[in-house]
Amino acid sequence: DSRPRVFSGIQPTADSFHLGNYLGALRNWVPLQDTHDCLYCVVDLHAITAGHDPKVLRQRTRVAAAQLLAIGIDPERSILFVQSHVPAHAELAWVLSCITGFGEASRMTQFKDKTVKQGSDRASVGLFTYPVLMAADILLYRAHEVPVGEDQRQHLELSRDLAQRFNRDYGKTFVVPEPYILRDTAKIVDLQDPTSKMSKSASTPNGIIELLDEPARSAKKIRSAVTDTGREIVYDPEQKPGVSNLLTIHSALTGTPVADLEKQYEGRGYGDLKKELGQVVADFTAPIRERTQAYLDDPAELDKVLAVGAEKARQIADQTLRTVYDRVGF
Ligand code: ADP
Ligand code: NA
């Protein structure tokens, strides 16, 4: 296959993906399958960097994989797998950690942000070296392109540096990955606090719309979304972040340009927008919820899909790792 190869991962750290994950990242994974050789990974090794419950993690990993299948990741065309099923990720991460400077790793802003929140005594060394594991994820598959949002840019830069350093010191082994700039991404904000992004770590569950929410539940969350005291339905993220967010979600899910929505809602109230958006979201999430549930109801089938994915991933990863070990002197 001569198509460029893409690697992307998502953590199984919530009971469901939310609309921010979907519109900011996951929905772009589907069309990439037409143009690229895709590897999509549920990165469970990354998910234990900040404390976890084993039973919950196991379940979330399955639900994450089922949701990826449900949104349209096709295991016949893409390699869909779970990170811990391929031991080479952890093995390569060790080698890469030995060519990563301590100061270099210390400059990663995401770690700094998280430790400011958690306190450095509670942060694990795994959280600190997380970007090195991410580099291993990408470099193992010699991925040419990595779809990244703003939040992962610095980590991809480290992956590139490590690939170049290893190639220089031990001979050309890795492809230096390029960022793949996603075209149709939207930043979604919290329904209850439109000044922060929609996130699983939100203070109230009513601020986030989960892909697996029951339609009545997401409709209710949208009805109680925080807007403003004005009446006009116009897109103005600075002055009207709540209303703008509803328009963004509407536009992203229906494909109607925001300007057309503004016209459509001229002279109408927030209540109308919320009611109709509730229906739009329900129409969109209901089939995803059903398909996810169908995979969860057939554990043998899901296991089979993930076993096939892991086998395909291992074939590529083991070959890279053998070369790396040989060059390092093992
Ligand atoms: P969370 O913020 O809920 O912890 P993650 O950090 O696990 O979500 O995000 C996984 C992916 O989803 C990332 O690529 C991130 O950029 C994207 N993403 C997360 N939240 C949003 C959002 N509110 N709007 C757009 N994209 C988002
Ligand atoms: Na996050």
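FYI, it's all coordinate maths here, none of it is from the lab. Quantities reported herein were computed from a predicted structural model and do not represent experimental measurements. With ideal geometry, Cβ positions are generated from the backbone for all residues, glycine too; neighbour counts draw on all protein chains shown.
Jot down the per residue volume, in cubic angstrom and as a whole number, of the convex hull over the alpha-carbon atoms of the stretch 180-330.
Cα convex hull per residue, to the nearest whole number: 178 Å³.
In the stretch 205-280, which trypsin sites (Lys or Arg not before Pro) are in a loop and have at most 16 other Cβ atoms within 10 Å, using DSSP for the loop call?
For trypsin sites (Lys or Arg not before Pro) across the stretch 205-280 that sit outside H, G, I, E and B with at most 16 neighbouring Cβ atoms in 10 Å, the list reads ARG231, ARG268.
May I ask you to work out the translational diffusion coefficient for the stretch 203-264 at 10 °C, viscosity 1.306 mPa s, via Stokes-Einstein with Rh from the Kirkwood sum over Cα pairs, reported in whole µm²/s?
In µm²/s, the coefficient is 126.
For LYS117, list the lysines whose Cα falls under 17 Å from its own Cα; do not include residues on the same chain fewer than 8 positions away.
Answer for LYS117, where 17 Å is the Cα cut-off: LYS197, LYS200, listed by chain and number.
When the Kirkwood radius is taken over all Cα pairs of the stretch 167-247, what Stokes-Einstein diffusion coefficient follows at 10 °C and 1.306 mPa s, in µm²/s?
Roughly 104 µm²/s, to the nearest whole number.
Given H placed on each backbone N at 1.01 Å, which residues far from ASP37 in sequence or on other chains put an amide H within less than 5 Å of it?
Correct list: ARG5, VAL6.
Across every pair of different alpha-carbon atoms, what Kirkwood hydrodynamic radius in Å does the stretch 1-59 reach?
Kirkwood radius, the stretch 1-59: 13.0 Å.
In whole Hz and in residue order, list the ³J(HN,Hα) couplings for the stretch 130-146 that follow from phi through the Karplus curve 6.51 cos²θ - 1.76 cosθ + 1.60, θ = phi - 60°; x for Gly and Pro.
2, x, 6, 5, 4, 4, 4, 3, 6, 6, 3, 9, 6, 5, 7, 9, 10
Sort largest first and round to whole Å: the equivalent ellipsoid semi-axes of the stretch 1-100, each the square root of five times a Cα gyration tensor eigenvalue.
Here the semi-axes work out to 22, 20, 12 Å.
Once amide H atoms are placed 1.01 Å from N in the peptide plane, what residues at a sequence separation of 5 or more from VAL189, or on another chain, have their amide H within under 5 Å of its amide H?
Residues meeting the amide H criterion: MET198.
Quick one: which residues, 5 or more positions from GLY9 or on another chain, have an amide H under 5 Å from its amide H? H modelled 1.01 Å from N in the peptide plane, none for Pro or chain starts.
Long-range HN contacts for GLY9: CYS41.
How much FRET efficiency would the formula 1/(1 + (r/R0)^6) give for TRP94 and ARG314, where r is the Cβ-Cβ distance and R0 is 25 Å, rounded to 0.05?
0.90
Using only the Cα atoms of the stretch 104-243, what semi-axes does the equivalent ellipsoid have when each is the square root of 5 times a gyration tensor eigenvalue? Give whole Å, largest first.
After scaling each eigenvalue by five and taking roots: 38, 19, 14 Å.
Would the stretch 45-181 count as rounded, prolate or oblate if I go by the C-alpha gyration tensor, calling it rounded below 1.5 in a/c and otherwise prolate when a/b exceeds b/c, oblate otherwise?
oblate
For an R0 of 35 angstrom, estimate the FRET efficiency from the Cβ-Cβ distance between VAL125 and ASP74 and round to the nearest 0.05.
After rounding to 0.05, the efficiency reads 0.40.
Which longest uninterrupted range of the chain lacks any GluC sites (Glu not before Pro) assigned by DSSP to a loop state (not H, G, I, E or B) and surrounded by at most 11 other Cβ atoms within 10 Å?
77-237
Once phi is turned into ³J(HN,Hα) by the Karplus curve 6.51 cos²θ - 1.76 cosθ + 1.60 with θ = phi - 60°, what whole-Hz value does each residue of the stretch 196-213 show in order, with x for glycine and proline?
Running phi through 6.51 cos²θ - 1.76 cosθ + 1.60 with θ = phi - 60° gives 10, 6, 4, 8, 5, 8, 4, 6, 10, x, 6, x, 10, 9, 8, 4, 9, 4 Hz.
Per residue and in Å³, how big is the convex hull formed by the alpha-carbon atoms of the stretch 277-330?
119
Once you treat every alpha carbon in the stretch 242-308 as an equal point and sum by Debye, what is log10 I(q)/I(0) at q = 0.15, 0.16 Å⁻¹?
So the normalised log intensities are -0.59, -0.62.
Report, in whole Å, the centroid distance computed from the Cα atoms of the stretch 223-245 and the stretch 293-330.
Their Cα centres are 45 Å away from one another.
In whole Å, what three semi-axes, largest first, describe the equivalent ellipsoid of the chain built from its Cα gyration tensor (square root of 5 times each eigenvalue)?
Taking √(5λ) for each eigenvalue gives 37, 22, 19 Å, largest first.
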